[in-house]
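Report on the following structure.
The values are calculated or read from the model by the stated rules, or taken from the named source; none is laboratory data. Bear in mind the structure is a predicted one, so any value in this text is a computation, not a measurement. In this analysis, Cβ positions are derived from the backbone assuming ideal geometry, glycine residues included, and neighbour counts consider all displayed protein chains.
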There are 2 protein chains.
Amino acid sequence: MMEQREDTRALTERIETLAADGSSAELRAVLADLRAEDVADQLEHLHGEARPVVFAALPPETAAEVLMGVDEEVRAQLLTSLEEDAVVSLLRLLEPADVADVIGALPEERAAMVLRRLPVPEAAEVRVLLEYPTDSAGGVMSTHFVAVRDHHTIREAVEHIRRREQDLGDFYYVYVWDAQHRLVGVTSLKDLLLARPEQRIGEIMDHEVVSVPAGADQEEAANVALRYQLFALPVVDDAGVLVGQLMLDDLADIAEEEASEDMYRIVGLPEDESVFSPLRFSVRKRLPWLFVNLVTALFAFGVVSSFEGTIARFALLAALMPIVAGMGGNAGMQTLTIVVRGLALGEVDVRNARRALFKELALGVINGALIGVVVAGVAVLLSANPWVGAIIGAALFLNMVAAGVAGATVPLLLRAFRVDPALASGVIVTTVTDCAGFFFFLGLATLMLRHLG
Amino acid sequence: MMEQREDTRALTERIETLAADGSSAELRAVLADLRAEDVADQLEHLHGEARPVVFAALPPETAAEVLMGVDEEVRAQLLTSLEEDAVVSLLRLLEPADVADVIGALPEERAAMVLRRLPVPEAAEVRVLLEYPTDSAGGVMSTHFVAVRDHHTIREAVEHIRRREQDLGDFYYVYVWDAQHRLVGVTSLKDLLLARPEQRIGEIMDHEVVSVPAGADQEEAANVALRYQLFALPVVDDAGVLVGQLMLDDLADIAEEEASEDMYRIVGLPEDESVFSPLRFSVRKRLPWLFVNLVTALFAFGVVSSFEGTIARFALLAALMPIVAGMGGNAGMQTLTIVVRGLALGEVDVRNARRALFKELALGVINGALIGVVVAGVAVLLSANPWVGAIIGAALFLNMVAAGVAGATVPLLLRAFRVDPALASGVIVTTVTDCAGFFFFLGLATLMLRHLG
């Protein structure tokens, strides 16, 4: 595996050199040996200037495939480097769902211009897709699928597939719809292959077909497909009409994306940022969040500064207080992470939210008691004063309990208000554990001040 | 969607009541209306005592499917509630990969006992699977696949599939192997369906088949399959012999699992914990990590306590210092999260690690400068002393730069030493930003002390 990595690296350097030297014949020869997916990988790892050069050296079919294979930023860069004519010719090679993806990411004016230049039926289909929210089943579905009527024979179905083979990639399910195109059943290539040619679809089809509405959240759709272990998930509109399908590779992407998104949101990153997002983009996206954090940091400042008198008399408290806040913050982030993932994966819902909260509360009590005792011991050693130990031990215990409650309550409340449970939750939880930690510790210290001097 | 949720909830309560009342006939009737996947979902949401009762009411085939559909803790609970005879009969209904999963999770002694009672050929296959690490391609693959020789006709291949239909679930690829069972090509159900029955497999097969070695990490395997948009990924041993395949639904699970795992590791959660893990398990798993965090918190204590004299003379510093540390911690976690995900998704590797580091450094400089100026202004307002503003602004700038460097360097270094880049990285990064933040702020304040009083 490592050797392969080194080869890939050498190849990247070779491609960059060829692109810089303008050796386009040789560049084309090197690229011709690669799968489209590997060209996409190379493009993502090339220096920015080399990308449009390499992309221009690709034959149209490969270019279209590569365009859909690279990540969104590289795609945006490539599209910016192309003339409108070139964009239109590329889009003509793509299926509507991909065209909608590309157009949805273009600046509004350019999008409208490009859309006007596509063939009318295709443009109409793309407009429908663009109407669904980008993170809904309708927004990510493919509009290419195979559907037949139940009175068709297996032989007719196979003929139908053969005629459409050009626009179909790999697929497994053959859907069955009625005269109004409403989804009524499903069968599979395996069933078609094993049935007799003269049998009717209605005899072999499965009437129980799992589908999702086009407006469903993509994460919910992915959970449904993964739960039922489906290769693809049909998407229906409000009238039950089959309008598309989610392919399992899209679903896997979604599952991964949503998990990343949870991580990102907890720490305040925009979901569409990645390591090599343009610097300007990263600054613009992360700054507002850091300012939010600054405002919450002022709460902690407010708590500590109200105990300035105590600290002035006993400065060791200032050195000990980050321990209380930090331990609470860490425990709170653990609880938060596990509850956010539990909600996303459907393990936690209204049926057991209270049980989740109680468990994290109990965990805070137990871990808080154990760690409180240890910290109390350490503090006595550091300060040679048993009162300091008692105060920090008690504060730590209380803050760990607060961490468990806040870490579980914040995402559950956000969900109850129909807000993404991950959103901003990291800052809220650490603000609670900072403020509570400082308050418990310095508050107890102030009460016991005569024992500290 | 919400309505459905309410129905599910009512159903959970009804099942719990029936289980508690011992109304087993009625319970069986309710369960018979549900798909196995939905029974699994219900089991996960039932009270612990109700689970074995409900599970016992299922017919054997459904019980086996449900056993594989529930999460690992519920599975462990159900297995514990069963007699050895019952476990063995259930395992006889499962395919080897699933049997290996179940046996791998049993206590060692019980595992050996159960394994001895399985049919010899199946037990041998399970033993092979148990030898691969649980997070390798070999450890998660299914050993059920369809493979034919290239001289076979399409008709013969279809007959082969028909004979084996009983043990095959849904599948899409038909692999082609040579006399030594080495993987040499691949074709699909679609190709079989559209080919003429008398054509030979060799004529329609694709020679370029993407596969992974059995020892490959499951995350790498999932990335390969998602990159090439495959429904399944064949797994080969060291000699190139086809030994199994990873199904795409497993791959989607893996992708999701790995993303969750990254989140978990950053905050110090064990990868196998979930919201409803037993309390004892959670305490045992989270405590050691909290103790690690305690040790690192002592570094921060050390830094602050070495400036006790400064704080004693100017206690406002104690209230301001959490702002410097907290902002750095947040920025560091942002960088860390994005670099860890970039490494996991293959966006960052040796080819561009330096570029990633420089970008995060630049981001630290820009965000640090902008936020530093704002915080300096706020601090002047709070303290009515321009020196306080200058000190905190400069310290914040330096700490944001340190956060960018630490957030990027820690995971990159861990990866270079072949350790999971997410592991423990959250604690390391926040320790750096705490210590650096306190040091820069209190250090500068000590140098400027005569201007503060």
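Quick look at the values:
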quantity: Filtered residues of the range A:301-315 (kept if of a type in the set (A, V, I, L, M, F, W, C) and part of a helix (DSSP H, G or I)); calculated: A:301, A:303, A:304, A:311, A:312
quantity: In the range A:263-280, the residues that are more than 7 Å from chain B (Cβ to nearest Cβ) and free of Cβ contacts under 8 Å to residues at least 60 places away in the same chain; calculated: A:270, A:271, A:280
quantity: Residue match in the range A:427-444 (condition: at pLDDT below 90 and either surrounded by fewer than 18 Cβ atoms within 10 Å (Cβ to Cβ) or not assigned by TED's automatic domain parsing to the domain that holds residue A:322 (or both)); calculated: no
quantity: Residue that is surrounded by the fewest Cβ atoms within 10 Å (Cβ to Cβ) [pool: residues in the range B:301-344 that are facing another protein chain (nearest Cβ under 7 Å) and more than 23 Å from residue B:444 (Cβ to Cβ)]; calculated: B:342
quantity: Helices (runs of 4 or more DSSP H) wholly inside the range B:20-60 that include at least 1 residues being within 14 Å of another protein chain (Cβ to nearest Cβ), at pLDDT 90 or above and over 24 Å from residue A:225 (Cα atoms); calculated: B:50-56
quantity: Count - residues of the range B:156-176 that are in a loop (DSSP other than H, G, I, E, B) and touching a residue at least 60 places away in the same chain (Cβ under 8 Å); calculated: 2
quantity: Pairs where the first residue, in the range B:439-450, is at negative phi and the second is polar (S, T, N, Q) and buried (at least 20 other Cβ atoms within 10 Å of the Cβ), C-beta under 8 Å, 6+ apart; calculated: B:440/B:399; B:441/B:399; B:442/B:310; B:445/B:310; B:446/B:310; B:449/B:310
quantity: Selection count where residues are without any contact (Cβ under 8 Å) to a residue 40 or more places away in the chain and out of contact with any Pro (no Cβ under 8 Å at 6 or more places or on another chain), scope the range B:310-325; calculated: 4
quantity: Hey, residue B:40 closer than 20 Å to residue B:90 by Cβ and crowded, with 17+ Cβ neighbours inside 10 Å or not; calculated: yes
quantity: Selection count, the range A:206-219, where residues are in contact with a helix residue (DSSP H, G or I) (Cβ under 8 Å, 6 or more places away or on another chain) and either farther than 21 Å from residue A:97 by Cα or surrounded by fewer than 16 Cβ atoms within 10 Å (Cβ to Cβ) (or both); calculated: 2
quantity: Filter result (within 14 Å of chain B (Cβ to nearest Cβ), of a type in the set (Gly, Ala, Ser) and in contact with a strand residue (DSSP E or B) (Cβ under 6 Å, 6 or more places away or on another chain)) within the range A:166-222; calculated: A:188, A:211, A:214, A:215, A:221
quantity: Subset of the range B:355-399 [among the aromatic types (Phe, Trp, Tyr), under 37 Å from the mean Cα position of the chain (by Cα) and over 28 Å from residue A:47 (Cα atoms)]; calculated: B:397
quantity: Output for the range B:59-92, where each listed residue is in contact with an Asp or Glu (Cβ under 9 Å, 6 or more places away or on another chain) and buried (at least 16 other Cβ atoms within 10 Å of the Cβ); calculated: B:64, B:65, B:66, B:67, B:68, B:69, B:70, B:71, B:73, B:74, B:75, B:91
quantity: Selected residue (only one of A:183, A:192 is in contact (Cβ under 8 Å) with a residue 24 or more places away in the chain, outside the structural domain of residue A:342 (by TED's automatic domain parsing), closer than 21 Å to residue B:166 by Cα and not small (Gly, Ala, Ser)); calculated: A:192
quantity: Condition broken by residue A:347, with the remaining ones in (1) more than 8 Å from chain B (Cβ to nearest Cβ); (2) in a loop (DSSP other than H, G, I, E, B) satisfied; calculated: (1)
quantity: Check on residue B:298, in a helix (DSSP H, G or I), facing another protein chain (nearest Cβ under 7 Å) and hydrophobic (A, V, I, L, M, F, W, C); calculated: no
quantity: Every pair of residues 6+ apart whose Cβ atoms lie under 7 Å, when the first sits in the range A:367-392 and is within 20 Å of residue A:404 (Cα to Cα) while the second is of a type in the set (Lys, Arg); calculated: A:367/B:286
quantity: Output for the range B:238-248, where each listed residue is touching a residue at least 40 places away in the same chain (Cβ under 8 Å) and either surrounded by fewer than 24 Cβ atoms within 10 Å (Cβ to Cβ) or of a type outside the set (Gly, Ala, Ser) (or both); calculated: B:239, B:240, B:241, B:242, B:243, B:245, B:246, B:247
quantity: Among (1) within 7 Å of chain B (Cβ to nearest Cβ); (2) modelled with pLDDT of 80 or more - the single one residue A:260 does not satisfy; calculated: (2)
quantity: Residue among A:402, A:408 that alone is buried (at least 20 other Cβ atoms within 10 Å of the Cβ), within 10 Å of chain B (Cβ to nearest Cβ), touching a helix residue (DSSP H, G or I) at 6+ places or on another chain (Cβ under 9 Å) and over 18 Å from residue B:289 (Cα atoms); calculated: A:408
quantity: Which listed residue, of B:251, B:269, is outside any helix (DSSP H, G or I), among the hydrophobic types (A, V, I, L, M, F, W, C) and buried (at least 22 other Cβ atoms within 10 Å of the Cβ); calculated: B:269
quantity: Some residue of the range A:123-140 being under 23 Å from residue A:220 (Cβ atoms), touching a strand residue (DSSP E or B) at 6+ places or on another chain (Cβ under 8 Å), in contact (Cβ under 8 Å) with a residue 12 or more places away in the chain and within 13 Å of another protein chain (Cβ to nearest Cβ); calculated: yes
quantity: Breaking point among (1) under 21 Å from residue A:261 (Cα atoms); (2) in contact with a Ser or Thr (Cβ under 8 Å, 6 or more places away or on another chain), for residue B:339; calculated: (2)
